[in-house]
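Trainee: Quick one: the structure is below, and I'll ask about it shortly.
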Amino acid sequence: MKSIAGAMLDQGGWQAYEGRLLERLWELMDEARDAPADGSSADAFRQGLGELEGLEASDLLVGGTPFFWMNVHRLYGSERRGAQAQMIRDLLMTGFDAYFQALPKGAGVTLSGGERRTLILPKLGVVIPAVLQAHLRRRSSHILEVEADGSRHTLDLSQHSHPWRARTLKISAEGAETVMAVPDAALMASDVNGIFAEGDLRPFAQRVGQALQWIQTIDGELCASIHKLIHWYVPLNMLSPSLHPSYSERDLVGVVHMSEAYEGIRLCESIVHEFHHNELHALQCTQELTRNDPGAVFYSPWRPDPRTLSGLLHALHTFCAVVKFHEAAEAVREIDFDRPGIRQRRAKFCQMLRIGMLQVPAENLTPLGSRILQAIEADVVHQEQVLELGKGTILEAVRAHAHTWRQTNPDYVQNFRWPEGAPAPVG
């Protein structure tokens, strides 16, 4: 069963989200059309976006990668009259990459940023390091011409052995999903900078492929939604033997970052978790869930730091989805995994969801935000009944987390809420 957010996206929300993407791109195109032809980065911006003007809206949506749209968001949200040359360069670079096959023969774009930077085309699978200025040109459906720092190179994209092959790998021959480990500011948020996994991508790709097959067996409708939205999987290094990072970016819908060491049902869980972050990010592009958000002042049972109300709602939404996935997984006998362990994890998350919901001030939610919270409440009540959880029973690890948070965040203790009648947080 879909979440409220998923149902809303299916009932017109995706069209609204795509419409917002196009609105921002068209506004940037309008501004580019008026840019002066003076040889500046703004001029390159005008010429580069001009290559996209002949494309239909449907072609722009189908071809656009998450990296291109992220750079559209970045430039749109900046003071564009004084936009950094690097920001313009990243938008043009990811745009040429995204729409390479749709551009006419001979179409090209000039990239300059005032400093040497890596040239990255993730969809085409090309990385050229330390380029000061470059001109990219489409010679044919599989021939890319690159003029970089006075040298000209012709790449046959149908050959996988050229020296500028990016660290990308298709998860399966027939699917759209790709594993990528290319750390660059044009393709990622700063939160994952420096923790990209550097090893062989094949084992990770194989594990992700198997995890997607498991999700298909457990919940076919959920798997179809994941395939539709998530096309890029980025492996991250473990930060410690017990800490597996995972991350999704607000403006990078369609990409998930997760621990390279996950496998089996835990990798399934991580994919489900990050997918639901992406889902909510897409909805929030056009719908408000909170109002009068006071900032990062709320307790989250999953984090050591204070969270915004939006961040807390994201945690509730994603972990509620994981708990429902765990329930579905337990009913499937074709897959072998640690069922007692997953059941314990499911019960722990239910306790954390109950505590997390207490932190949410109802008056700071929009009607849609309230609907989402009410749906989570109903799901948690169901889980508590199925698992026979007493509301006054809280695991020691959950209590210890709350105690530590209170000790390290004394300025926000006044916002902290705890279940009535439950044992107090302890260290």
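Trainee: Can you tell me which residue within region 227-254, out of those that are part of a helix (DSSP H, G or I) and in contact with an Asp or Glu (Cβ under 9 Å, 6 or more places away or on another chain), is nearest to residue 183 (Cα to Cα)?
Mentor: The qualifying residue nearest to residue 183 (Cα to Cα) is 229.
Rundown of residues vs (1) surrounded by 13 or more Cβ atoms within 10 Å (Cβ to Cβ); (2) farther than 20 Å from residue 329 by Cα; (3) within 25 Å of the chain's Cα centre (by Cα), yes/no style:
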residue	(1), (2), (3)
382	yes, no, no
395	yes, yes, no
418	yes, yes, no
424	no, yes, no
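Trainee: Then there's this: From the list 211, 282, exactly one residue is touching a helix residue (DSSP H, G or I) at 6+ places or on another chain (Cβ under 9 Å), farther than 21 Å from residue 342 by Cβ and either part of a helix (DSSP H, G or I) or among the polar types (S, T, N, Q) (or both). Which is it? Write out each step before concluding.
Mentor: Values: 211 fails: farther than 21 Å from residue 342 by Cβ.
Step by step, each of 211, 282 is checked, and only 282 is touching a helix residue (DSSP H, G or I) at 6+ places or on another chain (Cβ under 9 Å), farther than 21 Å from residue 342 by Cβ and either part of a helix (DSSP H, G or I) or among the polar types (S, T, N, Q) (or both).
Trainee: Here's another thing I want to ask about it. On the given criteria, is residue 356 outside any loop (DSSP other than H, G, I, E, B) and either more than 20 Å from residue 418 (Cα to Cα) or in contact with a His (Cβ under 7 Å, 6 or more places away or on another chain) (or both)?
Mentor: no
Yes/no per residue for (1) over 19 Å from residue 122 (Cβ atoms); (2) touching a Ser or Thr at 6+ places or on another chain (Cβ under 7 Å):
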| residue | (1), (2) |
| --- | --- |
| 2 | yes, no |
| 6 | yes, yes |
| 30 | yes, no |
| 51 | no, no |
| 60 | no, no |
| 77 | yes, no |
| 84 | yes, no |
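Trainee: Looking at the structure I just gave you, is residue 88 surrounded by 14 or more Cβ atoms within 10 Å (Cβ to Cβ) and in contact with a helix residue (DSSP H, G or I) (Cβ under 8 Å, 6 or more places away or on another chain)?
Mentor: Yes: the conditions hold for residue 88.
Trainee: Further, regarding this structure: Where residues in region 196-212 are modelled with pLDDT under 90 and surrounded by 17 or more Cβ atoms within 10 Å (Cβ to Cβ), which of them is nearest to the chain's Cα centre (by Cα)?
Mentor: 196
Trainee: Step by step: first the residues of region 247-296, then only those that are without any contact (Cβ under 8 Å) to a residue 24 or more places away in the chain and among the hydrophobic types (A, V, I, L, M, F, W, C), then the one that is farthest from residue 415 (Cα to Cα). Which residue is that?
Mentor: Looking at the filtered set, the residue picked out is 261.
Trainee: Give the residue that is surrounded by the fewest Cβ atoms within 10 Å (Cβ to Cβ), with candidates limited to residues of region 170-195 that are assigned to a loop (DSSP other than H, G, I, E, B) and among the β-branched types (Val, Ile, Thr). Reasoning before the result, please.
Mentor: Here is the first cut: in region 170-195, the ones assigned to a loop (DSSP other than H, G, I, E, B) are 171-177, 181-189, 193-195.
Among the residues that remain, those that are also among the β-branched types (Val, Ile, Thr) are: 171, 182, 195.
On the way: 171: 22, 182: 19, 195: 17.
Within region 170-195, the match that is surrounded by the fewest Cβ atoms within 10 Å (Cβ to Cβ) is 195.
Trainee: Sticking with this one: Answer yes if at least one residue in region 226-238 is modelled with pLDDT under 95 and within 30 Å of residue 412 (Cβ to Cβ), and no otherwise.
Mentor: yes
Trainee: Now, a different point. Restricting to region 146-169, give me the number of residues that are free of Cβ contacts under 8 Å to residues at least 12 places away in the same chain and surrounded by 16 or more Cβ atoms within 10 Å (Cβ to Cβ).
Mentor: So the count comes out to 0.
Trainee: Next question, about the same structure. Mind counting the residues in region 170-191 that are under 21 Å from residue 95 (Cβ atoms) and either touching a residue at least 40 places away in the same chain (Cβ under 8 Å) or among the aliphatic types (A, V, I, L, M) (or both)?
Mentor: 10
Trainee: Within region 301-326, can you find the residues that are among the charged types (D, E, K, R), within 20 Å of residue 373 (Cα to Cα) and touching a residue at least 40 places away in the same chain (Cβ under 8 Å)? Spell out how you get there, then give the answer.
Mentor: Of region 301-326, the ones among the charged types (D, E, K, R) are 303, 305, 307, 324.
Filter once more, so that each one left must be within 20 Å of residue 373 (Cα to Cα): 303, 307, 324.
Scanning region 301-326 gives a single hit, 324.
Trainee: Do you know which residues across region 235-292 are farther than 18 Å from residue 312 by Cα and of a type in the set (Val, Ile, Thr)?
Mentor: Within region 235-292, 253, 255, 256, 265, 271, 286 qualify.
Trainee: Return a yes/no flag: does region 72-89 have any residue that is out of contact with any Lys or Arg (no Cβ under 9 Å at 6 or more places or on another chain), in a loop (DSSP other than H, G, I, E, B) and at pLDDT 95 or above.
Mentor: no
Trainee: Right, here's the next one. Give me the pairs: first residue in region 13-36 and touching a residue at least 40 places away in the same chain (Cβ under 8 Å), second residue among the charged types (D, E, K, R), beta-carbon distance under 8 Å, and six or more apart or on different chains, which are they?
Mentor: Pairs that qualify, where the first residue is touching a residue at least 40 places away in the same chain (Cβ under 8 Å) and the partner is among the charged types (D, E, K, R), are 28/80; 31/80.
Trainee: In region 94-107, which residues are without any contact (Cβ under 8 Å) to a residue 40 or more places away in the chain and more than 22 Å from the chain's Cα centre (by Cα)? Give the derivation first.
Mentor: As a first pass, look at region 94-107 and keep what is without any contact (Cβ under 8 Å) to a residue 40 or more places away in the chain: 97-98, 105-106.
Residues satisfying the conditions are 105, 106.
Trainee: Looking only at region 271-300, count how many residues are small (Gly, Ala, Ser), in contact with a strand residue (DSSP E or B) (Cβ under 9 Å, 6 or more places away or on another chain) and buried (at least 21 other Cβ atoms within 10 Å of the Cβ).
Mentor: From region 271-300, those small (Gly, Ala, Ser) are 282, 295-296, 300; that's our starting set.
Then keep just the ones that are in contact with a strand residue (DSSP E or B) (Cβ under 9 Å, 6 or more places away or on another chain); that gives 296, 300.
Narrowing the set further to residues that are buried (at least 21 other Cβ atoms within 10 Å of the Cβ) leaves 300.
Residues meeting the conditions: 1.
Trainee: Can you name the residue in region 108-125 that is at pLDDT 90 or above and of a type in the set (Gly, Ala, Ser) and, of all such residues, is farthest from residue 165 (Cα to Cα)?
Mentor: 108
Trainee: Looking only at region 384-423, count how many residues are assigned to a helix (DSSP H, G or I), hydrophobic (A, V, I, L, M, F, W, C) and either touching a residue at least 12 places away in the same chain (Cβ under 8 Å) or not assigned by TED's automatic domain parsing to the domain that holds residue 305 (or both).
Mentor: Qualifying residue count, region 384-423: 7.
The values are calculated or read from the model by the stated rules, or taken from the named source; none is laboratory data. Note that this is a predicted model, so its numbers are computed, not measured. Cβ atoms come from the backbone with ideal geometry, glycine included; neighbour counts cover every protein chain shown.
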